[in-house]
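Contents: one structure, followed by commentary.
The values are calculated or read from the model by the stated rules, or taken from the named source; none is laboratory data. All values derive from a computational prediction rather than experimental measurement. Glycine also receives a Cβ, built like all others from the backbone with ideal geometry; neighbour counts cover every protein chain displayed. Heavy atoms of the whole protein, side chains included, go into the accessibility calculation; ligands, DNA and RNA do not. Shrake-Rupley method; radii C 1.70, N 1.55, O 1.52, S 1.80 Å.
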Amino acid sequence: ALVALAPGGYNAMFDENLAKVYVPGLVMGGTEDATCPLDIETRPIYNGLPRPKSKAELTGATHMSFTNVCSIPGAAGIFGDMCKATMTETRAFEIINTLTTAYLRKHVNGETGMDQWLTDPYISQSLSEVTWIDDP
């Protein structure tokens, strides 16, 4: 399985290459990511992948929300707007860790019990900042 966090490079991959991916894929991006915008990178990469695939769009996350680099003293001055997410780092990590762990345990370990964490009811209630699409 693959998990792509704020992925970029769609113009280098193209749909015909993404279509050759043979493992389940989870693609995550942030609504405030100006480095790899949803419309230019995340969504086209997700759309190019074959099924099964899932996509999580985190409202208020920037490109650096998928790492803890902004918590390093002085990093905000270097990375500027990439460190100005409206979603807190703690909340971003709660969401990313929950979805990534459940997705990999389901698709790598075959743990069907992980399905409960990857459903619209759970995500809309507990991870309300996420727009979730699952295409099994």
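Some notes on this structure:
- HN-Hα J in Hz across region 94-106 - Karplus 6.51, -1.76, 1.60, θ = phi - 60°, x for Gly and Pro: 4, 5, 4, 5, 4, 5, 5, 4, 5, 5, 5, 5, 5
- Projected area averaged over orientations for region 1-130, convex hull of C-alpha atoms, nm²: 8.0 nm²
- Under 5 Å, built H, 5+ apart or other chain: amide partners of Val3: Leu26
- Summing Cβ point charges (Lys, Arg +1; Asp, Glu -1) relative to the Cα centre of the chain gives a dipole of roughly 280 debye.
- Portion, in percent, of the accessible area of the chain that falls on carbon or sulfur, probe 1.4 Å: 55 percent
- Positive-end residue of Gly80, Gly29, Ser54, charge dipole of region 26-102 with Cβ unit charges: Ser54
- Packing-based ranking, highest mean first, of 125-132, 59-66, 93-100 given that Cβ atoms within 10 Å are counted: 59-66, 93-100, 125-132
- Spatial offset of region 82-136 relative to region 11-46 amounts to 17 Å, using the alpha carbon center of each.
- Amide H contacts of Thr35 (H built 1.01 Å from N, under 5 Å, at least 5 apart or other chain): His63
- Cut-off 13 Å between beta-carbons: net charge of the residues surrounding Ile133, Lys and Arg +1, Asp and Glu -1: 0
- Computed over neighbours whose Cβ is under 12 Å from that of Ala34, the net charge equals -4, Lys and Arg +1, Asp and Glu -1.
- Dipole size of region 7-55 about its Cα centre, with +1 on Lys/Arg Cβ and -1 on Asp/Glu Cβ: approximately 300 debye, rounded to the nearest 20.
- The reciprocal of the average 1/r between distinct C-alpha atoms defines the Kirkwood hydrodynamic radius, which for region 56-136 equals 13.7 Å.
- Take the chain with all the other protein chains still there, run a 1.4 Å probe, and you get 52 Å² of accessible area per residue.
- Bridge type composition, the chain - antiparallel percent by DSSP, nearest 5: 40 percent
- Span per principal axis, largest first, for the Cα atoms of region 8-57 (Å): 30, 21, 11
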